[in-house]
There are 2 protein chains.
Amino acid sequence: MSITKPSLPKGTRDFSPQEMVKRNYIFDTIKTVFKKYGYAEIQTPSMENLQTLTGKYGDEGDKLIFKILNSGEFLNDPKKKSFNFAQDDNSNRLVSLISEKALRYDLTVPFARYVVMHQSEISFPFKRFQVQPVWRADRPQKGRYREFYQCDADVVGSPSLLNEAEFILIYHEALSNLGLKDFNIKINNRKILSGIAEIIGKPELIVDMTVAIDKLDKIGFEGVTKELLERGFSNADIDKLKPVILLQGTNEEKLASLKSVLANSETGLKGTEEIETVFDYVSKLTTHNSQLATTIELDITLARGLNYYTGCIFEVKTNEVAMGSIGGGGRYDDLTGMFGLKDLTGVGISFGADRIYDVLEELNLFPVSTAQGTKVLISNFDETAELYALPILQQLRTEGIAAELYPSSAKLKKQMSYADGKNIPYVILIGGDEMESGLLTFKNMESGAQEKLNITSIIEKLR
Amino acid sequence: MSITKPSLPKGTRDFSPQEMVKRNYIFDTIKTVFKKYGYAEIQTPSMENLQTLTGKYGDEGDKLIFKILNSGEFLNDPKKKSFNFAQDDNSNRLVSLISEKALRYDLTVPFARYVVMHQSEISFPFKRFQVQPVWRADRPQKGRYREFYQCDADVVGSPSLLNEAEFILIYHEALSNLGLKDFNIKINNRKILSGIAEIIGKPELIVDMTVAIDKLDKIGFEGVTKELLERGFSNADIDKLKPVILLQGTNEEKLASLKSVLANSETGLKGTEEIETVFDYVSKLTTHNSQLATTIELDITLARGLNYYTGCIFEVKTNEVAMGSIGGGGRYDDLTGMFGLKDLTGVGISFGADRIYDVLEELNLFPVSTAQGTKVLISNFDETAELYALPILQQLRTEGIAAELYPSSAKLKKQMSYADGKNIPYVILIGGDEMESGLLTFKNMESGAQEKLNITSIIEKLR
């Protein structure tokens, strides 16, 4: 066995105990809200058949799928010998010969597969959430990893806009519970975008239009104009677009303007009507929460994943830290069609857990509570003290208190630095005096304060 | 996009909401006990560099590692063109050209890598637990999957046998909390096995000896005798071995016999002494729990992973269901040596979560509680009733009650079967009478009983 200096694959991460406590805090907070709204957890395998994934994410996406090599002596198959490394430059052809499985790229396609395979067991509408890692062979960079968790909730089989409204509430409740105070839940509707392209008379250019106006934030109206001209729009078209793109005011004012602009587009008006229905549901579900209304923002430039979504589109941004979106989602009318189950509508959202982690870290919003870890360490001076400590250790644990006895009679300094390193808030010191009197030295590691207490009083304090 | 009939890779599984609740129940129960004993959670990436894993699991193990194909146009590298499919039969050589990463095969090697890479941040002794999936390209069969969860706790950097004793307590507490009543925690010690081989005068045949006597359960003493003869032992050796292999009586009686047999082996006596110390710690930690002592069984035939373990060895079996071991572990003196960090001793255990799942299912031990899911469904008769229901839905959720409003005015039968399918225990029916009186029909789905209550009383009942 040769000694290898260990390292991690590019773009992957270890999570320390301190990081795990924080990550679990985020996932648990979000999961609790999902459950409160009736979403149930499922899990799918990390591997999917390559044909389940291929062609679902576009050509660029396909390249980023991590393929798994077939196991066994795959070269024994004569077909595979037809491949000549010296002459053939096409790794796709080689891949098809030696790989049949791949790591999941997102949670949406596996979910669609799940729904189709389990349709007979499912009571529709099916409300599921899923928190699992996904893998992408992207170039790693700050904040972008090759393995990262997605945190999704979707409902399939219900066209009701109540679902959209509840997703807004879920975003609001989960992010508020995580301590975020100033964030926007942006909403748009694919039908409004279609309506606008229709009114301009360029319905076929809807993708070009939305790609361009999606950049308003970054390149400003002049930049968008330039791009629209390059993408086949005329100056007259842009004149028509301008008031829509630069729409100002409250959501109600924006809706009023849009309805007048879209007066001749049935699709467009359907879009504004859907948004109005969602707003109406939200306001009826939040009669005591006026703060929520101010976080919702109708944003016509929002277009994420346009080819995918068919109705409402969501995106969430925090205003407290410079950071990309921390969540997004939308309605797709035909999620499972790719696997042969037609006309099943779905709507879903996703939380960007890694970004939320960075936001909470930067705003110092993680709770200081160390409730997750060991609550008290018993020192270990010598064999006699250890012997004395064993039933005390048992008693603490019987009371449900996470407790440790330092496993050897090391120097006190070492034992204290162990407690520090693990963020253990209390230490029980047991020496000769303590064993004689039964009054143990109970030390608060944060304040440094010590007091002499019997074990019953210590247990009371720790509970 | 062609339509593919979806399927799952061999040996992998989807987990439905019902299964997830049960799986989470097992994991949460075990994690709670790990934490109570001072173990902290870490996670490592699903992928490791191939060189981190290769050579750690033996030749057979190496073959079962799932390799990940390098991404990008790897054929452009001229070195790779030297491989000729038509002539070269060695897939290992091909693999080395096109794969650098693999899926983790267990949690132990990644943990060793973690300890070495993070040694400067860790306060030793380092007590960590880890619950993550692993992947093995084994032939799938009943109860054996290609993706399955491991559930491990290990401590490195502490030679104290208190750790071994606490692992026995952890097994006992976790399995008891899961409702198991009749199980055995078997213990052995590698040094006892070494001592026995030494006494017979065949220390070099220790592996052959233990492989043979490990099968006593399955093939009986005659079978073991036959195998020992084949593996180079004489009839005289076997005469010496017989009383040891067939050791009967209480743990104390077995220890007494062993000590007399091993009187001339320093190593062997070290082994019995270690076992005695562990037993001693256990009894001092369980003064009020006499039941625990009866679950511990000194078993000299226990040898699992012999080449790996250097001290105590554990294995857990249930007596209530015919099933292989549901847990195992042991002490290894040099876990991190493979990555260049010498002399760091460790001891760890693992829970077989999939088998425990099957055991609990067979014994009907999963709690009936549906606390994890939606607690109440509000029916949806028509638009007026929906409007009336929205603030009620809000009120329930504000009280922390997981609640849903059926998202459309479907037939009542459909709504009821939705509640049934999701195991929702209560339904609130809202029709004309209810809206007029404010007394809502509150239905217990299990008993079928209905009563008319105002929302305040309903909330009280649900809390």
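The values are calculated or read from the model by the stated rules, or taken from the named source; none is laboratory data. For clarity, every value in this text was computed on a predicted model and none was experimentally measured. Heads up, the Cβs are rebuilt from the backbone with ideal geometry, glycines too, and the neighbour counts pull from every protein chain shown.
Among the residues of the range A:44-62, those identified as more than 7 Å from chain B (Cβ to nearest Cβ) and part of a helix (DSSP H, G or I) are A:LEU50, A:LEU53, A:GLY58, A:ASP59, A:GLU60, A:GLY61, A:ASP62.
Taking the criterion of being assigned to a loop (DSSP other than H, G, I, E, B), under 30 Å from B:GLU361 (Cβ atoms), among the aliphatic types (A, V, I, L, M) and touching a Ser or Thr at 6+ places or on another chain (Cβ under 7 Å), would at least one residue in the range B:107-118 satisfy it? Steps first, please.
Kept after step one, since they are assigned to a loop (DSSP other than H, G, I, E, B), are these residues of the range B:107-118: B:107, B:118.
Still in the list and also under 30 Å from B:GLU361 (Cβ atoms): B:107.
After this cut, where a residue has to be among the aliphatic types (A, V, I, L, M) as well, the list is B:107.
Filter once more, so that each one left must be touching a Ser or Thr at 6+ places or on another chain (Cβ under 7 Å): none.
Looking through the range B:107-118, none of the residues is assigned to a loop (DSSP other than H, G, I, E, B), under 30 Å from B:GLU361 (Cβ atoms), among the aliphatic types (A, V, I, L, M) and touching a Ser or Thr at 6+ places or on another chain (Cβ under 7 Å).
If the condition is being assigned to a strand (DSSP E or B) and over 30 Å from A:THR44 (Cβ atoms), then the range B:121-139 contributes B:PHE126, B:LYS127.
Might you let me know whether the range B:67-74 holds any residue that is at pLDDT 75 or above and more than 7 Å from every other protein chain (Cβ to nearest Cβ)? Yes, the conditions are met somewhere in the range B:67-74. Just one of (1) part of a helix (DSSP H, G or I); (2) out of contact with any Ser or Thr (no Cβ under 7 Å at 6 or more places or on another chain) fails for B:THR267. It is (2).
Applying a threshold of 6 Å to beta carbon distances and a minimum spacing of six or more residues, or different chains, the list of pairs starting in the range A:376-397 at a residue that is more than 14 Å from B:LEU162 (Cα to Cα) and free of Cβ contacts under 8 Å to residues at least 40 places away in the same chain and ending at one that is part of a helix (DSSP H, G or I) and of a type outside the set (Ser, Thr, Tyr) reads A:ARG397/B:LYS36.
Exactly one residue out of A:GLY195, A:GLY223, A:GLY179, A:GLY249 is under 34 Å from the mean Cα position of the chain (by Cα) and under 30 Å from A:LEU365 (Cα atoms), and it is A:GLY179. Would you pick out the residues in the range B:403-441 that are free of Cβ contacts under 8 Å to residues at least 12 places away in the same chain and part of a loop (DSSP other than H, G, I, E, B)? Within the range B:403-441, just B:LYS411 meets the criteria. If I filter the range A:270-277 for residues that are within 14 Å of chain B (Cβ to nearest Cβ) and either crowded, with 17+ Cβ neighbours inside 10 Å or modelled with pLDDT of 95 or more (or both), do I get at least one hit? So far as the range A:270-277 goes, yes, one or more of its residues are within 14 Å of chain B (Cβ to nearest Cβ) and either crowded, with 17+ Cβ neighbours inside 10 Å or modelled with pLDDT of 95 or more (or both). If you take the residues in the range B:400-459 that are among the basic types (Lys, Arg) and either within 13 Å of chain A (Cβ to nearest Cβ) or surrounded by 16 or more Cβ atoms within 10 Å (Cβ to Cβ) (or both), which one is nearest to the chain's Cα centre (by Cα)? Filtering the range B:400-459 for residues that are among the basic types (Lys, Arg) and either within 13 Å of chain A (Cβ to nearest Cβ) or surrounded by 16 or more Cβ atoms within 10 Å (Cβ to Cβ) (or both), the one nearest to the chain's Cα centre (by Cα) comes out as B:LYS422.
Quick one: in the range A:140-169, which of the residues that are in a loop (DSSP other than H, G, I, E, B) and without any contact (Cβ under 8 Å) to a residue 60 or more places away in the chain is nearest to A:PHE339 (Cα to Cα)?
A:SER160
Restricting the range B:13-31 to residues that are within 14 Å of the chain's Cα centre (by Cα) and of a type in the set (S, T, N, Q) leaves a set whose member that is nearest to the other protein chains (Cβ to nearest Cβ) is B:ASN24.
For the range A:277-284, check the following and say yes or no: at least one residue is under 17 Å from A:ASN251 (Cα atoms), over 20 Å from the mean Cα position of the chain (by Cα) and assigned to a loop (DSSP other than H, G, I, E, B). Within the range A:277-284, not a single residue is under 17 Å from A:ASN251 (Cα atoms), over 20 Å from the mean Cα position of the chain (by Cα) and assigned to a loop (DSSP other than H, G, I, E, B). Of the numbered criteria (1) assigned to a helix (DSSP H, G or I); (2) facing another protein chain (nearest Cβ under 7 Å); (3) touching a helix residue (DSSP H, G or I) at 6+ places or on another chain (Cβ under 7 Å), the one A:PRO6 fails is (1). Scanning the range A:97-106 for residues that are touching a Leu at 6+ places or on another chain (Cβ under 8 Å) and in a helix (DSSP H, G or I) returns a single hit, A:ILE98.
Of all residues in the range A:285-323, those satisfying the criterion of being among the small types (Gly, Ala, Ser) and touching a residue at least 40 places away in the same chain (Cβ under 8 Å) are A:ALA303, A:GLY311.
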